[in-house]
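The values are calculated or read from the model by the stated rules, or taken from the named source; none is laboratory data. Being a predicted model, the structure only gives us computed values, none of them experimental. Cβ placement follows ideal geometry from the backbone for every residue including glycine, while neighbour counts extend to all protein chains displayed. These accessible areas exclude ligands, DNA and RNA; they are computed on the full protein's heavy atoms, side chains included. Shrake-Rupley method; radii C 1.70, N 1.55, O 1.52, S 1.80 Å.
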Amino acid sequence: MLAEDDSAASNQLKRERFFQKFAQRFLNFEGIGVLLLDREFRVVEISEMICTLFGCNRDDIIDKTIEECFEMLPLHPRPFDRSLLEGEVFRNRELNWKRDKISFKLMLDGEVLQDNGAVTGAFILFRDVSHLLALEEQIRRSDRLKTIGQIAAGTAHEIRNPLTAIKGFMQLLNKTLLERSMSKEQEFVGIVLSEIDRVNELVSEFLLLSKPKEIKQVPMRIGRVLQEILPMIRNEALLHKVTVLYYPKPELPPILADKELLKQVFLNLGKNAIEAMDGGGTLIIRECIYPHESDKIAVEISDTGPGIAADVLEKVFDPFFTTKPQGTGLGLSVCQRIVHDLGGRIEVVSDEAGSQFTVWMPYAAGQ
Ligand SMILES: Nc1ncnc2c1ncn2[C@@H]1O[C@H](COP(=O)(O)OP(=O)(O)OP(=O)(O)O)[C@@H](O)[C@H]1O
Ligand SMILES: [Mg+2]
């Protein structure tokens, strides 16, 4: 009997130790955050993930009431309160948080702990769903791009044909006006011709969005692409009194890309940055590599412009979204399309001090 008791006790101990190990690991698990509170709503335990996210120190938080913790953070409204202890449990409560210019979206679940029917505490689970939402947003956007692509494919060709004819006759007219020295009329025709070129450019951008373009990917150093467009960017910058700083990193491994398409991406991003700083500022183009994404290189395009408001930031990659009177709103959606086709991605962070677009591109295979 005694031996049986002993073995049951040892099994129980083993289970407890096993459970303890699990709890420890769970608290260090980066995918989910746990906040354990006692009956007085004091913090009994908090996982690393929550501390990192909110930039706080575990030891400063343990034993504090949750209200005292909230006072240290700019959280309005507070995501939960003591009503949880009275049984007001919740699921999928949204919490938005911004750290180092990065926005996080969290889902919170709150639950009470009971012992013999009496409430002994509560716990809250924090799940970071930012990536999930970004993915949803990407799918939504690519659906819209597809629809626009279909419309564009049908119309762009038809727009180009009459344009070519108009352009041809305008050039003939121009020649005749030149022969007759009708300079005033020639000036008008010149305007018509440059406007036709603008429409042509627009149609080309349309076509780029609509067709899965044939991509010629070859290994190349990102610096080569940037160096080819720098003269154009510097020229544009000069007109807007913007200083351009370029920080190359020649030791970066080559990427697999289509030079002409990538040039278009960086030109668009550079153009946007310069336009945002009309009247002066600094445009920084930096080649980087980061340990947390060591299979990719990053090119950061930062400006000292007014930044992008949060509600605008959600839409900047949408086709036709523009805040500029002369803008088409296609620049960034074309950039995104190209970078995705090349296996990379674009990210943006922004505040009052300026905006930064980062283009991530994977290395060429075997590098
Ligand atoms: N660096 C930036 N700083 C501030 N706002 C920006 C920046 N880049 C983009 N935006 C915002 O995003 C919008 C969309 O940009 P996008 O390049 O797609 O179109 P656009 O520049 O308006 O027109 P287009 O590029 O066709 O001439 C811009 O109108 C602007 O409001
Ligand atoms: Mg633009």
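Would you mind checking the tilt of helix 183-210 against the longest principal axis of the Cα atoms of the chain, expressed as 0 to 90 degrees and rounded to 10? The answer is roughly 30 degrees. Rounded to the nearest 10 degrees, the inclination of helix 259-276 to the longest alpha-carbon principal axis of the chain is 80 degrees. Between the amide H of D351 and those of I308, distances stay under 5 Å, these residues lying 5 or more places away or on another chain, with hydrogens modeled in the peptide plane.
As a calculated quantity, the FRET efficiency between H76 and L13 at R0 = 56 Å, using C-beta atoms, amounts to about 0.75.
Among the lysines, select those whose C-alpha is under 23 Å from the C-alpha of K167, and discard any that sit fewer than 8 residues away in the same chain. Filter leaves K175, K184.
Evaluated over region 218-362, the count of Lys pairs having alpha-carbon atoms less than 22 Å apart is 12 (only pairs 8 or more residues apart or interchain). Hydrodynamic estimate: the Kirkwood radius of the chain over Cα pairs, inserted into Stokes-Einstein at 10 °C and 1.306 mPa s, corresponds to D of 63 µm²/s. Taking the Kirkwood radius as Rh and the Cα radius of gyration as Rg, region 292-334 has a ratio of Rg/Rh equal to 1.07.
Rounded to the nearest 10 degrees, the inclination of helix 331-341 to the longest alpha-carbon principal axis of the chain is 70 degrees. Once both labels are positioned 7 Å from their Cα atoms along Cα-to-Cβ, the gap between I32 and E228 label points is 5.0 nm.
Spin-label point model (7 Å from Cα, Cβ direction): what's the R25 to N200 distance in nm? Each label point is offset 7 Å from its Cα along the Cβ direction, giving 6.5 nm. Surface exposure of region 218-362, expressed per residue as accessible area with a 1.4 Å probe, stands at 45 Å².
Geometric descriptor of region 134-210, per residue, is 76 Å³ (volume of the convex hull of the Cα atoms).
Rolling a 1.4 angstrom probe over the protein heavy atoms with all chains in place gives region 31-128 an accessible area of 56 Å² per residue.
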